[in-house]
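The values are calculated or read from the model by the stated rules, or taken from the named source; none is laboratory data. Values in this document were obtained by computation on a predicted structure and should not be read as measured data. Glycine also receives a Cβ, built like all others from the backbone with ideal geometry; neighbour counts cover every protein chain displayed.
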Amino acid sequence: SAGTLDKNTTIDLRKKHVGPSCKIFFSHDPIKIVRAKGQYMYDEKGQRYLDCINNVAHVGHCHPDVVKAGAQQMEQLNTNSRFLHDNLVLYAQKLQATLPSKLSVCYFVNSGSEANDLALRLAWQYTGHKDIITLENAYHGHVSSLIDISPYKFHQLSDAEHNPSVHVAPSPDVYRGKYRADHPDPATAYADEVKNIIEKVDKKGGKIAAFIAESLQSCGGQVIPPVGYFQQVAKHVREAGGVFIADEVQVGFGRVGSHFWAFQLQGDDFVPDIVTMGKPIGNGHPMSCVVTTTEVAEAFMSTGMEYFNTFGGNPVSCAIGLAVLDVIVKDDLQGNAVRVGRYLVSQLEKQKEKHSLIGDIRERKMTEMFFLRLKEQHILLSADGPHRNVLKFKPPMCFSAEDVDEVVQKIDHILTGTQITLSLYSHRRHHFLICEMFKENGHQRDAGFVQSRAHGPQHTKQGKRVKT
Ligand code: PMP
């Protein structure tokens, strides 16, 4: 359908009745999408857009198996989880089979924020401690408890508004961070930063309840931690009596290609104490989950307080979740992520060689212009990271080689046509259907920064790198 309202009416009604802090893409000329299929979205005029931003529509927009599973269950029954239902237990069993055996107890909730908020409660209850360590630039959700642990959001607040029990560790970014690829052991160096925080907190009489991180920082700028970092952090945190929470809300469910969970990129010897999931889990249906160990779950039970969640784990959500897991396997979407992701990286590498890098596109405005030009070409892409300069590919997992050709050809065209050159940077081996582009100086790792929020002592306030 073309939608029932004309576009201007939709815009006017939205302005009138929807909170102004709820942002819209391309606010000067928003897009009205009326239907979608696979990796394509269609506006009210039937124009097609290539979707490189909807990681939530994980197995493809409106995948018929998922739609059917939800519709059939809606026809039969939807109710809360205080009744026995096979969908709930079958889904928990199937989800558990993707995880290390130790992670065996599920709590079903409805959004990534709910999952992370519950994860914090589990950690507080299990450890009896209060302090939380989070990573620089992290985002974990929109509820109060999570804004407190999300530097991505709270850097906008005043110091007085910071929760004193929250401590921020450097992002383990070996490209732009405090310790880089030329460091002999960045995993240990970054983990030692966490250890130092634990010691400082201890001196002040605090106690660590949890370390929380995305298994691969997404909003924080697509940062893949060096292998061994999580193992060492977990050791320090557990020695202090805390737990390790892995936020897989954005990066889980096979998106990294080689593994089902992004934390598995660290190796089989790493198992978090709590894993949170969301976004792709229901292919757009609002559902999410927290998985933990029996020890943590029993400690949570020992309070005697019931955990009840009206919608969490309802038969419709579980039917949809089951269908998503089936489609990931049936359509070999992990394999596709590896193959197409590798191809995307190789095509972007060519762009990197072709467009020599210049320094005057460091303004955020230039990145915005780049996205506007792409939108005119019917490609939907977005940027993220602390400097909003990491181009983030997070398409539905059915993205194809032809789609790669289309998007890369259009990027090429824009870069060539406008004499703008962006540096394309995609060294991260495991990044398959998540790739990135930095506007960074040509000399890769030696590049100077223009951003004043560059980290570490090697940067001046203006962000210029100091020769050390
Ligand atoms: N964690 C991460 C890593 C996220 O990216 C998000 C959403 N962007 C959330 C948590 C919060 O999820 P939701 O918006 O579903 O509450």
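Some observations on this one:
- When we screen 66, 59, 109, 34 for residues that are touching a residue at least 24 places away in the same chain (Cβ under 8 Å), within 16 Å of the ligand (Cβ to nearest atom) and among the hydrophobic types (A, V, I, L, M, F, W, C), the only hit is 109.
- Residue in region 276-289 that is of a type outside the set (Asp, Glu), over 22 Å from the mean Cα position of the chain (by Cα) and part of a helix (DSSP H, G or I) present: no
- Answer residue from region 272-295, given it is touching a Lys or Arg at 6+ places or on another chain (Cβ under 9 Å) and more than 15 Å from residue 210 (Cβ to Cβ) and is nearest to the ligand (Cβ to nearest atom) among those: 288
- Breaking point among (1) at pLDDT 95 or above; (2) surrounded by 15 or more Cβ atoms within 10 Å (Cβ to Cβ); (3) over 19 Å from residue 116 (Cα atoms), for residue 341: (1)
- Tabulated pairs, region 129-151, first farther than 26 Å from residue 224 by Cβ, second among the hydroxyl-bearing types (Ser, Thr, Tyr) and away from the ligand (no atom under 11 Å from the Cβ), C-beta under 8 angstrom, 6+ apart or interchain: 130/165; 131/165
- Test result for residue 135, surrounded by 21 or more Cβ atoms within 10 Å (Cβ to Cβ), closer than 23 Å to residue 219 by Cβ, aliphatic (A, V, I, L, M) and in contact with a Phe, Trp or Tyr (Cβ under 8 Å, 6 or more places away or on another chain): no
- Selection count where residues are in contact with a helix residue (DSSP H, G or I) (Cβ under 6 Å, 6 or more places away or on another chain) and charged (D, E, K, R), scope region 132-158: 2
- Test result for residue 253, more than 11 Å from the ligand (Cβ to nearest atom), aromatic (Phe, Trp, Tyr), in contact with a helix residue (DSSP H, G or I) (Cβ under 8 Å, 6 or more places away or on another chain) and more than 18 Å from residue 92 (Cβ to Cβ): no
- Selection over region 187-214 of residues that are of a type in the set (Gly, Ala, Ser), closer than 14 Å to residue 134 by Cβ and touching a helix residue (DSSP H, G or I) at 6+ places or on another chain (Cβ under 7 Å) gives a count of 2.
- Residue count for region 215-250, restricted to those that are within 16 Å of the ligand (Cβ to nearest atom), assigned to a loop (DSSP other than H, G, I, E, B) and among the hydrophobic types (A, V, I, L, M, F, W, C): 4.
- Filtered by the rule that a residue be of a type in the set (A, V, I, L, M) and either near the ligand (Cβ under 10 Å from one of its atoms) or not in a strand (DSSP E or B) (or both), region 201-214 gives 201, 212, 213.
- Residue match in region 272-280 (condition: surrounded by fewer than 24 Cβ atoms within 10 Å (Cβ to Cβ) and under 23 Å from residue 89 (Cα atoms)): no
- Subset of region 145-165 that is modelled with pLDDT of 90 or more and within 16 Å of the ligand (Cβ to nearest atom) - its residue that is nearest to residue 208 (Cα to Cα): 149
- Some residue of region 46-66 being polar (S, T, N, Q), in a loop (DSSP other than H, G, I, E, B) and under 20 Å from the mean Cα position of the chain (by Cα): yes
- Some residue of region 121-128 being within 11 Å of the ligand (Cβ to nearest atom) and buried (at least 24 other Cβ atoms within 10 Å of the Cβ): no
- Candidates 218, 258 - the one that is out of contact with any Ser or Thr (no Cβ under 6 Å at 6 or more places or on another chain), buried (at least 24 other Cβ atoms within 10 Å of the Cβ) and not hydrophobic (A, V, I, L, M, F, W, C): 218
- Residue within region 169-186 that is among the aliphatic types (A, V, I, L, M) and either within 15 Å of the ligand (Cβ to nearest atom) or in contact with a strand residue (DSSP E or B) (Cβ under 7 Å, 6 or more places away or on another chain) (or both) present: yes
- Subset of region 152-178 (residues that are touching a residue at least 40 places away in the same chain (Cβ under 8 Å) and out of contact with any Leu (no Cβ under 9 Å at 6 or more places or on another chain)): 152, 165, 173, 174, 175, 176, 177, 178
- In region 285-309, the residues that are farther than 17 Å from residue 117 by Cβ reach residues that are acidic (Asp, Glu) with C-beta atoms within less than 8 angstrom, at least six apart or across chains, in these pairs: 293/273.
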